[in-house]
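Chemist: Take a look at this one; I'll ask things after.
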Amino acid sequence: MQNPELLRLSVFLSVLILCALWEWLTPRKQLTQSKIYRWMNNLGLIAFNSICLSLLMPILAFEAAMTAHELQLGFWHWLEVNWLVEVVLSILLLDLAIYLQHLVFHRVPILWRLHRMHHSDQDIDVTTGTRFHPVEILISMGIKVSLIFLIGVSPLAILIFEMLLNGSAMFNHSNAKLPLWLDKILRKAVVTPDMHRVHHSVIVKETHSNFGFFLSVWDRWFSTYRDQPELGHDNVEIGIPLFRSPNEQRLDKMLTQPFRDK
């Protein structure tokens, strides 16, 4: 594990390229906005968020896991859990935490103002999986670092989890066709593009469902699962009623959306 950031970046770029090719070859839904314009701004947001994290967060997830490992901090160290068991349980607990965090960001009005920028994308594709407000990113990283210290997540577990989280977010936001029989099988365990597209519907009851990012079981267990969009995948309208004008996809507009109601 000489250069975990290089490994994470390599996996990120690989999944981004593969999902982009998948969307291009077999698109699931006709886009309503300029793809180049959206991609420029959504990917520009990644760079902006990376700068914000490096400048404003004193410690990131992998560094926190290294510190917890060196100082023997957290629940797993106290129990002296086998490394393989620790990795599996850590990934499950962190994924559950992301599900609950996502649910809370929808339920608490001030947090929804931050998160709704993710939903204001009027098309959904692989870049939507990277589109989050920097303040939400900072809060999310703070929660993750706290959990790492509390649980005692190992560097290996957090590295695997972050690659799974980033990869699955791009996969399940992809505007690509997955054979219905395969979707039916996969969504029993993981969040598929068709399952997550429901979450980006403009219909409120659909927006507030299907909160999972990687594993789909949490939505089923906590009764937040919705099988299909009411209007079908071809006709479902993506986004939120607010911020419907095309220029709201511009980077500067996205960054100010939490502070505006028009």
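Chemist: Would you mind telling me which residue in ASN49, ASN235, ASN41 has the biggest mean-square fluctuation in a Gaussian network model of the chain, where springs connect alpha carbons within a distance under 10 angstrom?
Modeler: Highest fluctuation among the options: ASN235.
Chemist: Name the residues whose placed amide hydrogens come within less than 5 Å of the amide hydrogen of ALA176, ignoring near sequence neighbours (fewer than 5 apart) on the same chain.
Modeler: Distant-sequence amide H within range of ALA176: ARG28.
Chemist: With unit charges on the beta carbons (Lys and Arg positive, Asp and Glu negative) and the dipole taken about the Cα centre of the range 1-140, which residue among ILE91, SER14, LEU114 sits farthest to the positive side?
Modeler: Value computed over the given set: LEU114.
Chemist: Still on this structure: Taking Cα atoms, how many degrees apart are the long axis of helix 35-56 and the longest axis of the chain, rounded to 10 and kept between 0 and 90?
Modeler: 30 degrees
Chemist: Helix 134-151 versus the longest principal axis of the chain: what angle, 0 to 90°, nearest 10, using Cα atoms?
Modeler: Long axis of 134-151 versus the principal axis of the chain: about 30 degrees.
Chemist: Compute the long axis of helix 61-71 from its Cα atoms, compare it with the longest principal axis of the Cα atoms of the chain, and write down the angle in degrees, 0 to 90, nearest 10.
Modeler: Value to nearest ten degrees: 10.
Chemist: Report the full-extension gain for the segment SER34 to LEU242: residue separation times 0.36 nm, less the Cα-Cα distance, to one decimal in nm.
Modeler: 73.0 nm
Chemist: Return the single residue from THR130, THR207, THR32 with maximal mean-square fluctuation; model: Gaussian network over the chain, springs between Cα atoms under 10 Å.
Modeler: Of THR130, THR207, THR32, the Gaussian network model singles out THR32 as fluctuating most.
Chemist: Cβ under 14 Å from ASN166's Cβ, ASN166 left aside: what net charge do those residues give with Lys, Arg +1 and Asp, Glu -1? All intermediate terms of the calculation are to be shown ahead of the outcome.
Modeler: Details: positive: ARG8, ARG131, LYS144; negative: GLU5, ASP95, GLU162.
Surrounding charge for ASN166 is 0.
Chemist: Here's another thing I want to ask about it. Taking GluC sites (Glu not before Pro) as exposed when DSSP calls them loop (any state but H, G, I, E, B) and at most 16 other Cβ atoms lie within 10 Å, what is the longest stretch of the chain free of them, the sites themselves excluded?
Modeler: Numbers: sites that count: GLU80, GLU230, GLU237.
The longest uninterrupted stretch comes out as 81-229.
Chemist: In nm, what is the difference between 0.36 nm times the number of residues separating LEU182 and VAL11 and their Cα-Cα distance?
Modeler: 59.2 nm
Chemist: In a GNM of the chain with a 10 Å cut-off on Cα contacts, which of LEU93, LEU79, LEU18 has the highest mean-square fluctuation?
Modeler: LEU79
Chemist: For the range 123-262, what class follows from the C-alpha gyration tensor (a ≥ b ≥ c being the square roots of its eigenvalues): rounded when a/c is under 1.5, otherwise prolate if a/b is larger than b/c, else oblate? Don't skip to the answer; put the middle values down first.
Modeler: On the way: a/c = 1.86, a/b = 1.10, b/c = 1.69.
Oblate.
Chemist: Okay, moving on. Using +1 on the beta carbon of Lys and Arg, -1 on that of Asp and Glu, and nothing else charged, what's the dipole of the chain about the Cα centre, debye to 20?
Modeler: Numbers: 23 positive and 23 negative charges, 145 e Å.
Result for the chain is approximately 700 debye, rounded to the nearest 20.
Chemist: Taking the Cβ of VAL145 as the center, what net charge do the other residues with Cβ under 14 Å away carry, scoring Lys and Arg +1 and Asp and Glu -1? Provide the component values of the computation, followed by the final result.
Modeler: Numbers: positive: LYS144; negative: GLU63, GLU162.
Overall, the nearby charge balance is -1.
Chemist: Once you put a point 7 Å from the Cα of ALA97 and another 7 Å from the Cα of ALA47, both along the Cβ direction, what distance in nm separates them?
Modeler: Going by the 7 Å Cα→Cβ label model, 3.1 nm.
Chemist: Calculated FRET efficiency, LYS262 and ALA189, Cβ-Cβ r, R0 41 Å, to nearest 0.05? Mind showing how you got there, number by number?
Modeler: Values: r = 41 Å, r/R0 = 1.01.
Computed FRET efficiency for LYS262 and ALA189 comes out at 0.50.
Chemist: Another question, then. Local charge sum around VAL108 (other residues, Cβ-Cβ under 14 Å, Lys/Arg +1, Asp/Glu -1)? Don't skip to the end; give the middle numbers.
Modeler: Working: positive: ARG107, ARG113, ARG116; negative: GLU136.
Residues near VAL108 contribute +2 overall.
Chemist: Restricting to DSSP H runs of at least four residues, report the calculated mean residue ellipticity at 222 nm for the chain, -39500 (n - 2.57) per run over all residues, nearest 500 deg cm²/dmol.
Modeler: Helix contribution divided over all residues of the chain: -19000 deg cm²/dmol.
Chemist: Could I ask something else about it? Taking only pairs that are 8 or more places apart or on different chains, how many Lys pairs in the chain have Cα atoms under 25 angstrom apart?
Modeler: 13
Just so you know, all these numbers are worked out from the coordinates, no wet-lab data involved. It should be emphasised that the depicted structure is a prediction, and the values quoted were computed from it without experimental measurement. Every residue, glycine as well, gets a Cβ built from its backbone with ideal geometry; the counts of neighbours run over all protein chains shown.
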